[in-house]
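Comments concern the structure below.
What follows draws every value from the coordinates through simple rules; no lab data is involved. Computed from a predicted model, the values in this text were never measured in an experiment. All Cβ positions, glycine included, derive from the backbone under ideal geometry; neighbour counts span all protein chains shown.
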Amino acid sequence: MIEGIHWNLSSPLAFALSILPILGLGLIVTIEATLLGFLIALVLGLVLALLRRSRSRFIAWPVGAVIEFLRDTPLLVQLYFLYFVLPKYGILLPAFLTGALALGVQYSAYLSEVYRAGLDAVRRGQIEAAIALNMTRARIYRDIVIPQAIPRIVPALGNYLVSMLKDTPILSVVTVMEMLGLAKIIGDRTFRYLIPLTIVGAIFLVLTMAATAGIRRLERSLPKTGIRMR
């Protein structure tokens, strides 16, 4: 990605301007990995939450054990496992997809607890009334439980989105050239670390502030009584 690039070292400003295009490419990778990982976490986290709420202990207990395992083991260990161990069994994924998958799988465990708290916050009387009306379990979740749970869980989901964004630099250990990884390479080759790392830190600050502001705006726009699914 940065082969053949000539750095302008004549002044700090010129150096900063010369490395911005390279860091911009890393920024795109950072955002793509965050969004894909968060999408995986949203879907898988909901599946785990619903399975853990199963009335069958043979489903709920193993799923609970999986959630605890994912939460209690480091993201780096899970990333290494996906990148280095799975190919031994014939499962070979691109580095970017492996990184996004590692982010999504670990954060799905956290989001499953967020979902569970939101689902449990819906009053039991409403569910019992729906059962008395002979509504199916799928319709109860679709029309009653999930619409009321969403406004309650948006702030927590937003916090984990910001946390995932800040965790993307760990993907550089499996050759995913995100923003911080590129800044380190630039520093290694020019022996100037202050400017590239400062730029990356400023970009992360802007991204997290923008994400936080967007989440708060979304939270204010959602009706407290629940949203309509259709």
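A few comments on the model shown:
- Label-point separation in nm, Phe58 to Ala121, each point 7 Å along Cα→Cβ: 3.5
- Extension gain (nm, one decimal) between Trp7 and Val66, 0.36 nm per residue minus Cα-Cα: 16.5 nm
- Those residues of region 50-91 whose amide nitrogen sits under 14 Å from the label point placed on Val173, 7 Å along Cα→Cβ: 73-85
- Helix runs (DSSP H) in the chain reaching 27 Å along axis by Cα, Kyte-Doolittle at least -0.5: 12-52, 95-120, 146-167, 194-221
- Amide N proximity, region 163-185 versus Thr212 label position 7 Å along Cα-to-Cβ, cut-off under 12 Å: 163
- Based on Cα contacts under 8 Å between residues 6+ apart, the chain shows a relative contact order of 27 percent.
- For the pair region 7-65 and region 115-191, the centres of their Cα atoms are 11 angstrom apart.
- Difference of contour (0.36 nm per residue) and Cα-Cα distance, Leu92 to Val77: 3.7 nm
- Value of [θ]222 nm, deg cm²/dmol, for the chain, DSSP H segments ≥ 4, -39500 (n - 2.57) each, nearest 500: -24000 deg cm²/dmol
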